[in-house]
Amino acid sequence: MARVLILFAGIVAVLAGLHSLTGMPPRSAMGKTVITFWQPWPGDQGDELRRLIALFNRAHPAIEMRTLYVPYNPASNQKLFLSISAGIPPDCTIVGGPQVCEWAARGALEPLDALMARFDVHNEDYWEPCARQCRFRGKTYGLTYCADPNFALLWNRSVFRDAGLLENGPPKTIEELDRLARQLTQRDAKGRLTRIGFIPWSVFGFPNSIFTWGWAFGGEFYDEKRERLICGEDPGVLEAMRWMKSYADEYGFEAINSFSEGFGDEADSPFIRGKIAMAAGHISNLRLFEKYAPNLDYGVAPFPYPEKMGSDRSAWVGGWCVGIPRGSRHPEAAFEFMKWLCSSPEMGKSMVQTTGQFPGYRYSSALDLAKDNPRMALFLEILRTARHQRPVMPAQGYFMGVLDHAVSDVLNGLKSPEQALRDAQDDTQKELNRVLERLE
């Protein structure tokens with residue numbers, strides 16, 4: 001009995017805390033509609049967002065937007081779900097792009113289609129992969145705030161120059177990448193790596209690596225119409241996994257891991273230090289290098305592709321979205337803010353200038369700011385041509401974990417590429433079926 005009382009007291013305390021975060025009166029003293037917005041950015045980015053929200057409030061005298069910093073992690077997400085269950089959710093919240101579908105499937109987000117029609121907002125206003133990641137079973141549950149174009153190839157011009165390969169420039173095909181990687185790799189007298197040309201599974205984690213290379217080889221992971229995983233039977237994904245494994249075989253997976261130990265991020269990046277000649281690049285790298293290595297001599301190029309494919313097909317888009325939690329007390333005012341947040345010139349300009357990222361709104365005038373920066377312009381071109389996003393399914397997070405194990409098993413020699421991908425497909429399909437059954 002004592003344990004039950006303690007548990008009950010804990011739940012009451014959590015709900016009271018949530019109410020202090022979200023349980024604001026519907027009207028302020030000035031008669032405005034008060035809406036609450038949960039966002040995950042501390043520091044300078046959070047300060048800039050609050051400055052811009054003040055602009056929104058001045059331009060919309062009938063609405064008062066109040067923002068709250070809430071870290072984006074599993075624990076904080078549970079607070080959101082609990083606030084929804086308790087009937088005191090925020091009016092709108094930031095959602096990771098891949099989580100929009102998952103949150104929609106569990107009933108945590110309101111469909112936006114009626115509000116979009118009322119406010120003249122269209123899915124076609126957003127980059128195609130951005131719009132797709134916000135839809136589930138024919139309904140839209142989010143708008144894309146910022147879009148991540150994934151990925152470019154970074155190449156260290158100083159390393160190329162030292163190796164007498166500067167005139168070659170960056171590789172265009174995977175065959176050229178393989179050849180340059182061998183030429184740029186160095187070992188000491190004991191055979192230990194002192195520099196490596198390229199690491200194909202270092203594309204911001206194992207799952208993102210197999211996604212990127214799988215698409216580069218013309219593969220697909222998921223059939224959305226049939227709600228069926230296909231990565232275990234797709235020849236392009238299998239070829240990509242075999243190619244990644246070839247680097248582990250040639251250079252030694254453990255040898256590469258030992259070589260990589262001790263490297264850090266930011267100023268201690270192995271690319272900055274010239275220990276990795278070529279690497280996958282995210283648009284955030286541009287600001288990182290500007291801050292920590294302003295004299296770094298490097299280039300940014302399109303991602304290599306298999307020669308037989310004829311062009312790069314790897315480009316995909318991630319990014320942050322914004323949605324309305326189920327039970328929002330002011331969905332219309334919240335959507336008016338969401339439209340402004342995602343498409344206003346003020347927000348777009350601030351995003352490009354302060355974070356170096358791009359709006360999900362494809363007609364933003366802020367995109368013109370990238371024209372005078374060749375490196376940013378290349379990332380913008382990746383965004384314009386991208387056709388992929390992570391699979392839109394309510395077991396996407398589970399799939400990421402399964403793929404992480406699959407790539408690890410292959411690189412460590414525990415499973416063949418065929419077996420690892422087939423197991424990943426079957427395992428995730430079971431989880432997806434379990435989730436979908438709850439929706440019937």
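Where a number appears in this text, it was derived from the coordinates with a stated rule and is not lab data. Predicted model, so just to flag it, every value in this text is computed and none were measured. For neighbour counting, all protein chains shown are included, and Cβ atoms are generated from backbone atoms with ideal geometry for every residue, glycine included.
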### Task
Apply the Kirkwood formula to the chain: the hydrodynamic radius equals the inverse of the mean of 1/r over all pairs of different alpha-carbon atoms; give it in Å with one decimal.
23.5
## Note on the structure
Computed over segment 37-194, the convex hull of the Cα set has an average projected area, in nm², of 15.9
### Query
Among 55, 180, 421, which one moves the most in a GNM of the chain with springs linking Cα atoms closer than 10 Å?
55
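Can you tell me the dipole magnitude for segment 305-372 around its Cα centre, using point charges on the Cβ only (Lys, Arg +1; Asp, Glu -1), in Debye to the nearest 20?
So the magnitude is around 220 debye.
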## Note on the structure
Whole-Å distance linking the alpha carbon centroid of segment 257-332 with that of segment 36-97 is 26
### Message
Which one, 73, 53, 219, is farthest towards the positive end of the dipole of the chain when Lys and Arg carry +1 and Asp and Glu -1 on their Cβ?
### Response
53
### Task
For segment 176-239 and segment 384-440, compute the distance between their C-alpha centroids and round to whole Å.
16
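How much of the DSSP beta bridge set in the chain is antiparallel, as a percent to the nearest 5?
Working: 30 of 42 bridges.
Bridges in the chain that DSSP calls antiparallel: roughly 70 percent.
Taking the number of other C-beta atoms within 10 Å as the exposure measure, put 439, 286 in order starting with the fewest.
Values: 439 12, 286 20.
So the ranking, lowest neighbour count to highest, is 439, 286.
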### Query
Projected onto the charge dipole of segment 281-440 (+1 at Lys/Arg Cβ, -1 at Asp/Glu Cβ, origin at the Cα centre), which of 355, 435, 413 gives the Cα projection farthest towards the positive end?
355
### Task
Enumerate the calculated ³J(HN,Hα) couplings along segment 374-382 in order (Karplus 6.51 cos²θ - 1.76 cosθ + 1.60, θ = phi - 60°), each rounded to whole Hz, writing x wherever the residue is Gly or Pro.
x, 5, 5, 4, 5, 5, 5, 5, 4
### Query
Looking at 146, 37, 323, which one has the Cα that reaches farthest to the positive end of the dipole of the chain (charges on Cβ: Lys, Arg +1; Asp, Glu -1)?
37
### Query
Among 386, 59, 108, which one moves the most in a GNM of the chain with springs linking Cα atoms closer than 10 Å?
59
### Summary
Magnitude of the Cβ-charge dipole (Lys and Arg +1, Asp and Glu -1) of the chain about the Cα centre, nearest 20 debye, reported as 840
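In what sequence do 329, 438 fall when counting other Cβ within 10 Å, fewest first? All intermediate terms of the calculation are to be shown ahead of the outcome.
Values: 329 18, 438 10.
By the 10 Å Cβ count, ascending, the order reads 438, 329.
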### Task
Kindly provide the helix-only [θ] at 222 nm of the chain, computed as the sum of -39,500 (n - 2.57) over DSSP H runs of four or more divided by all residues, to the nearest 500 deg cm²/dmol?
-14000 deg cm²/dmol
### Message
When the expected Rg is taken as 2.2 N^0.38 Å, what fraction or multiple of it is the alpha-carbon Rg of segment 141-278?
### Response
1.19
#### Entry: Residues of type aspartates and glutamates that residue 172 reaches as a straight line, Cα spacing below 15 Å, ignoring anything fewer than 8 places off in the same chain
307, 312
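Rank-order 249-258, 314-323, 395-404 by packing density, defined as the average count of other C-beta atoms within 10 Å over each peptide's residues, highest first. Before the final figure, lay out each step's value.
On the way: 249-258: 14.2, 314-323: 24.6, 395-404: 20.3.
The peptides rank, most packed first, as 314-323, 395-404, 249-258.
Give the value in nm², to one decimal: projected area of the alpha carbon convex hull of segment 73-137, averaged over all directions. Numbers along the way, then the final one.
Working: hull surface 19.8 nm².
Taking the Cα atoms of segment 73-137, their convex hull projects to 5.0 nm² on average.
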### Task
Please compute the Cα-Cα pair-distance distribution of segment 330-413 with 5 Å bins starting at 0, giving whole percents from short to long.
3, 12, 15, 14, 13, 14, 13, 9, 5, 2, 1
### Task
Over the alpha-carbon set of segment 378-440, work out the extent along each principal axis and list the three values in angstrom, largest first.
40, 37, 15
## Note on the structure
Comparing 133, 186, 429 in a Gaussian network model of the chain (Cα, 10 Å), the one with the largest mean-square fluctuation is 186
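Under 8 Å for C-alpha pairs, at least 6 residues apart: give me the relative contact order for segment 191-251, rounded to a whole percent.
On the way: 57 pairs, mean separation 17.8, N = 61.
Across segment 191-251, relative contact order equals 29 percent.
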## Note on the structure
Mean shadow area (nm²) of the C-alpha convex hull around segment 221-295 is 7.4
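What ranking do 41, 215 get, fewest neighbouring Cβ atoms within 10 angstrom at the top? Could the numbers behind the result be given before it?
On the way: 41 18, 215 25.
The most exposed by this proxy come first: 41, 215.
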### Rounded to the nearest 20 debye, dipole of segment 162-283 from Cβ charges on Lys, Arg, Asp, Glu
320
